[in-house]
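Below is one structure, written out as structure tokens; the observations come after it.
Here, each number is a calculation from the coordinates, and none is a lab measurement. Fair warning: this is a prediction, and the values are worked out from it, not measured in the lab. Backbone-built Cβ (ideal geometry, glycine too); neighbour counts: all protein chains shown.
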Amino acid sequence: MNFLNNINSSADLINRRCLLGQSGIALGSLAASSMLRADNTSSTNNGIPGLPHFEAKAKRVIYMFQSGGPSHIDLFDHSDKINKLHGTELPDSVRGGQRLTGMTAGLKKLLVCAPVSPMKKRGNSGTWMSEMVPYTGDIADKITVINSMHTDAINHDPGITLINTGSQIPGRPSLGSWASYGLGSTNSNMPAYIVLISQGNGKNPGQPIFSRLWGSGFLPSQHQGVLMRSGKNPLLYLNDPPGIERSTRRRMLDDLAQLNKENYQKFEDPEIETRIAQ
Amino acid sequence: MMIHRLIIFVVLVCNLQCYAKKIQFNQSIKPILSNNCFSCHGPDEKEIKGGLQLHLRETATSVLEKSGERAISPGDREESSLWHRINSTDPDDQMPPPESNHKLTREEIDLIGQWIDEGAEYQRHWSFEPIEPIEGTIDELIESKLKEAGLNPSPKASKDILIRRLYLDLTGLPPSQVAIETFAKDNSSDAYEKLVDQLINSKTFAERLAVNWLDAARYADTNGYSIDDHRDMWIWRDWVVSAFLENKPYDQFALEQIAGDLIPKSSTQQKVATGFLRNSMNTHEGGTIPEEYRVTYTADKVDTVSTVFMGLTMKCAQCHDHKYDPITQKEYYQFFAFFNTSSEPGSGAINANTAPLIEAESNLCSIERVKRDANNRINELRQKRVTPEIHLTNLRNQWEKKTLDSLSKQRPNSKNKKNSLIIDNSVKWIWSTKEGDSAYAKFRRAFNLEKAPKSASMWFTCDNECKILINGNHIASLDDWTKPKTIEINNLKKGKNTIEVEANNVAGSKAGLILSLQVLDSSNETISIVTNSEWKSQTQKNNQSEWKEAFEIANYGDSPWGAIYQTGESKSFDENLFSALNTPTKKRNTTHWNKINDSFSAVSGAFKIYINQLNLEEKAIKKTAETGKSTVMVMNYKPRKTHILIRGAYDQHGEEVSTGIPSALPPVKSEPGQTLTRLDLAKWLINPKHPLTSRVIVNRYWQMIFGTGLVKTAEDFGAQGEYPSHPVLLDRLAKDFVASGWDLQKLIKRIVMSETYQQESKLRKSSSSKDPYNRLLSRSPRFRLDAEFVRDSALFASGLLDLEIGGPSVYPYQPKGLWADVSHYGYPSGFTSQKYLPGSGQSNYRRSMYTVWKRTSPPPSMTIFDAPNRETCVVRRLQTNTPMQALVLQNDPQFLEAAASLGNIMSAESSIMEGINIGFMRTLGRTAQENELRILSSSFKEYIKTFENKPENAVSLIRAGQSYNPKIKDPKTVAAWTLVASTLLNMDEFVTRQ
């Protein structure tokens, strides 16, 4: 289970850039890095470290995790039997020995509960959906509903850690990190992936979405999500501080590029080049 | 494209030539087999396919039952079925099978062929072999490898580079100008060694070593799971720093952290050391099954101890036998059993440390100092009541104005005294039982009116329903407790009056009655009757039970009913509130503020939550402020049976096991029938003959200094880990380290005294093509500083850094709302550490290792620079170089303030050139070169012009932090210097050790 053997981000970068450097191509601009990345979009497998060894089919992944939504039984998971069994004791064959949370363990009876509103087949695919989601029903043929999902975790924290990282015990990379690690990116100027959270108004958020859920676990931290918060300043530290105008900032950045270039000439370390590009 | 491929080909061929002289199993063959074959043909007995196990020579070379062939026939590849299978292209025959997604390269296949022809000799896994005595210095062993690869070492680096490198590596801070000048002038032959000795004996060195240990020990200030409220483990953190400070031998350091509590007559500090094991995350989320989590905490201890001390991924054997390393699932649980004997519960304490715990002093700072820090924090929190966050201050200001206006109008004088109602937290929710849980309650309140009433009104509500009788007349009922009623009362009389309430509750929910009655009598005096414990109650209908005092369940405004059921402003005239509001802000005392905040809390949910958070945080640190001590979680011994957990599931008990050591490792000495304890385990780990303990730690210090370990996978010395780049050197260092009495200072001194360490870091084309990762060290590596040291260096360079050591964690600047975004902030009962409450003064300038660490939202300027989140053990930080890092350096207020402070220092110089030079000295440890001077001085002049046009920009810029001095005479000059300083702090060279 050791992925770390295969990856060493900065070393890979060195290797990749050394190669270009040695082949006589001048570095030191954004163009260079987009050239590198352009390889990734070409149809051939180029075997350059850090990029996938196969062509990625997916161009983008949008993943929405809606913490605290209505239950699958009420929305998509149709069963004829559940209506008949409504109000009766949950059969052992259904529960199958599934353990109970500290909250439900005290209940005297575990009763079957039918959906709160009727289900209908929607679209040509005949996907079952609750009448409560009429608009989702209108696009039934454009979405896939997976009803076979299963969790061993029975509490909020382990449950949402499991669905986002594959393990209820913290320490594993999140879905976004795997997508970034496995598929790479065609754009080196952007973060590996971004995370939008809808909380953050200071009101009681119920079950919060914490940083572990978009963390990179044991993958290099370049694969961690960059949090975009709600409100006027979504990205941390993006705005120029008060008193610095764009033209001043531009001048500072130009100076910085020149100063770093001076240093690059002394050390020829490609990591300096990366910083210049930023 | 063609060019790239061509070069890759060249590099590969070269690498093969460098490493493929003589086929060694451990170095060349085992990694191939482990990566591609062991998952079906390895140590895990349950997964063996075709009866073949390739990890042992005996099984790999014996005749297979099924085919009658040998997988490996030593000396003859043609007779080996493995050879044919790995060369096959028939999907049915081919190995590894296509569906495995593993594929051997041509080079790997040929290596295996050659190895079989050479006799297919196996070696025991290298890291489990004893460490044999070896000759050679660091430099000799490095150089011999370089020679093999046709490389030369680089020349020695210049003095200015060396002193900066030493300071950054050993203290995490750049050198001061004085230190640089002293070292430059010192021409004695041992100048360098003197400097090394001085640094190794400094407090900053101890702190620097502690940072890595805190990652390994997953140290944090919060509990981690779910609610992630606070814990107090800083006493343990101080123990770690003090251990490095006194150069505690590493064997003792390990022993105390694993089993300090079991050492006979152990001291308090030895018990504190076991906090190492208790740094595991814990939870108290409702619904938790305690046993499941108790097992998780124990497994985390196994993972941490095996990774930190042995570089073993033992956690892989929690659910099944290890796929690559010789650790069975049974052996995992034997190891687990060492840690499964503590009274630590599965469900943790709320807003506090979880037992077992002890109260202890810091090993690093005095009781007075801790008291002072804790009291400062309490004062900070109290100040936040006076000046809360800006949006709450604005809300409160609006409310203050409105309320004062309305109170001024209402203010009674003898002419217009009116009746009004009191609805504030002096009115209580009451019930007949303490928990508010009985189904029925009856209340009675008798009172006397000395004068005839002129008018009276009453406000009330009841959860869930009630009927009210005054003087025997049924005057009102209420069945929706969310809609309180206000009614006029006409049947009161001079003399004795009685209110009676009959109330019903819904089974299972909390009940309460709240009522406020005001009577204006004939002499314009107000008489108030409110629900409180002066009321009588009983639980039975028909007056069968005894009348007892009613219970006060909650204040008006408190949970579970909250302030949302307010009926608007209190109609009564509140003299205290009026006088508090009428006092000018600067003259208000604590009583005034408490009155104002209480009143505003009753009508503002957001403000109430905020005040509640302040109360909780103050409560959490109060004891420390009084005693100068803190509790700390520690280990204890409580016998408990351990079972193999089938598939790792906490409730699937298999065979019972007792404590034991994996058989692939050296046995532990024990008497027959003796049960081994954690203390035995610790003693076994620090036995000088243990093959892993010394190798693993020596490798980590090599990694700390050179960026990459001799074994790159510092966390994994098993089959899936990397074979050492310099196995002989690793063993040499490990052997000498143990012989020195596990002396860390000596080890580190030896490494930095080497010529290998003192080389230049300039990349040379000749060596970078042969050794692109610089694993052979033909130059000194160049790498970015760890997150903590980036911030510390900026603070140091700008003269802001406070070098105070140890103590409770501090709360420096952080963007607003980060904690509240991801926490249970606002949850009715309230938890600690749900909202970041920034500190003031020196807490902004302490070393980064003292910044409070919330696991679900660690400090962003740390994680952006690749600090781990401290949820699980990490012994190797990975380094990235991202645009987010540039944004921190440019725009984080902490770095801006540093720039402003450095700018101020630079502005004091007599010329632009000297200003730039002092900036260079403080940040980069050298003077500026001509080009650099030209670039920056021309920009400086430009900046001055810009600020002359817009002087207001200059002030906004240099006002970045608390250290801003409003008396600065010439803001535009300081602002221009601030921009130059910010440019310096953003340079690659500033954040790099080179």
#### Entry: Across B:265/B:835; B:49/B:689; B:203/B:301; B:629/B:746, pairs whose alpha-carbon gap is larger than 31 Å
B:265/B:835; B:49/B:689; B:629/B:746
### Task
For residue B:404 paired with residue A:88, estimate the spin-label separation in nm (one decimal), with each label point 7 Å from Cα along the Cα-to-Cβ line.
7.0 nm
## Note on the structure
Longest principal axis of chain B (C-alpha) makes with the long axis of helix B:727-739 (C-alpha) an angle, in degrees to the nearest 10, of 60 degrees
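Greater than 32 Å separation of Cα atoms is the criterion. Which listed pairs, B:315/B:623; A:266/B:712; B:712/B:765; B:323/B:749, meet it?
From the list (B:315/B:623; A:266/B:712; B:712/B:765; B:323/B:749), the Cα-Cα distance tops 32 Å for B:315/B:623; B:323/B:749.
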## Note on the structure
Nearest-0.05 FRET efficiency for residue B:942 and residue B:829 at R0 = 51 Å, using Cβ-Cβ distance, is 0.35
#### Entry: Centroid-to-centroid separation of segment B:447-517 and segment B:28-90 [C-alpha atoms, Å]
88 Å
### Task
Note down the relative contact order for segment B:714-846 as a percent, whole number, built from C-alpha pairs under 8 angstrom at least six residues apart.
16 percent
#### Entry: Whichever lysines have a C-alpha closer than 22 Å to that of residue B:587, once near sequence neighbours (fewer than 8 apart) are set aside
B:384, B:401, B:402, B:595
### Other-chain or far-sequence residues with amide H under 5 Å of residue B:851's (modelled H)
B:810
## Note on the structure
Other residues with Cβ under 12 Å from the Cβ of residue B:299 give, with Lys and Arg +1 and Asp and Glu -1, a net charge of 0
### Message
How large is the Rg to Rh ratio of segment B:844-944 when both quantities use alpha carbon positions and Rh follows Kirkwood?
### Response
1.08
### Query
In degrees from 0 to 90, rounded to the nearest 10, what is the angle of the helix B:329-339 Cα long axis to the longest principal axis of chain B?
50 degrees
### Folded to 0 to 90 degrees: helix B:744-753 orientation relative to chain B principal axis, Cα
60 degrees
### Vicinal HN-Hα couplings computed from phi for segment B:291-305 (Karplus, 6.51 cos²θ - 1.76 cosθ + 1.60; Hz; Gly/Pro x)
4, 4, 7, 4, 5, 4, 5, 5, 4, 5, 5, 4, 4, 5, 5
### Task
Per DSSP H run of n ≥ 4, the term is -39500 (n - 2.57); total these for chain B, divide by its residue number, and report the mean residue ellipticity at 222 nm rounded to 500 deg cm²/dmol.
-12500 deg cm²/dmol
### Task
Output the peptides B:456-467, B:195-206 sorted from most to least packed, where packing is the average of other Cβ atoms within 10 Å over each peptide's residues.
B:456-467, B:195-206
### Query
Length gain on complete extension for the stretch residue A:125 to residue A:145, per 0.36 nm per residue less the alpha carbon to alpha carbon distance?
6.1 nm
#### Entry: Ordering of B:311-321, B:365-375 by burial proxy (mean other Cβ atoms within 10 Å per residue, highest first)
B:311-321, B:365-375
### Query
Under the definition of Cα pairs under 8 Å and six or more residues apart, what whole-number percent is the relative contact order of segment B:608-669?
17 percent
### Task
Please find the FRET efficiency linking residue B:123 to residue A:103, where r is the Cβ-Cβ separation and R0 is fixed at 41 Å, and quote it to the nearest 0.05.
0.15
#### Entry: Where the Cα pairs of segment A:99-164 fall when distances are cut into 10 Å bins, in %
17, 30, 34, 18, 1
### Task
For segment A:84-194, just say rounded, prolate or oblate: build the C-alpha gyration tensor, square-root its eigenvalues into a ≥ b ≥ c, call rounded for a/c under 1.5, and beyond that prolate if a/b exceeds b/c, oblate if not.
oblate
### Task
Report relative contact order for chain B in percent, whole number only (criteria: Cα-Cα under 8 Å, sequence separation at least 6).
17 percent
## Note on the structure
Lys and Arg at +1, Asp and Glu at -1: neighbours of residue B:467 with Cβ under 11 Å from its Cβ sum to -3
### Query
Between residue B:649 and residue B:152, what is the label-to-label distance in nm when each label sits 7 Å out along the Cα-to-Cβ direction?
6.7 nm
### Summary
In terms of the alpha carbon gyration tensor, root eigenvalues a ≥ b ≥ c, rounded if a/c is under 1.5 and otherwise prolate when a/b exceeds b/c or oblate, segment B:754-904 is prolate
### Task
Sketch the reach of a paramagnetic label on residue B:197 as a point 7 Å from Cα along Cα-to-Cβ, and name the residues of segment B:155-176 whose backbone nitrogen lies under 16 Å away.
none
### Sites matching GluC sites (Glu not before Pro) across segment B:212-299 that sit in DSSP coil, with at most 14 neighbouring C-beta atoms within 10 Å
B:246
### Task
Give, in nm to one decimal, the length gained when the segment between residue B:379 and residue B:641 is fully stretched (0.36 nm per residue of separation minus the Cα-Cα distance).
89.5 nm
### Query
What's the FRET efficiency of residue B:137 with residue B:268 using the Cβ-Cβ distance as r and R₀ = 41 Å, to the nearest 0.05?
0.45
### Task
Give the cross-link partners of residue A:59 among the lysines, using a straight C-alpha distance below 21 Å as the criterion and excluding same-chain residues fewer than 8 apart.
A:142
## Note on the structure
Under the rule rounded for a/c under 1.5, else prolate if a/b exceeds b/c, else oblate, using alpha carbon gyration tensor axes a ≥ b ≥ c, segment B:269-325 is classed as oblate
### Message
Please enumerate, by chain and number, the lysines with C-alpha under 23 Å from the C-alpha of residue B:548, excluding those fewer than 8 residues away in the same chain.
### Response
B:428, B:434, B:442, B:467, B:496, B:510, B:536
### Task
Give me the distance in nm between label points sitting 7 Å out from Cα along the Cα-to-Cβ direction at residue A:232 and residue B:109, one decimal.
6.5 nm
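Can you give the net charge of the other residues whose Cβ lies under 11 Å from the Cβ of residue A:157, counting K and R as +1 and D and E as -1?
On the way: positive: A:212; negative: B:228, B:285.
Neighbourhood net charge equals -1.
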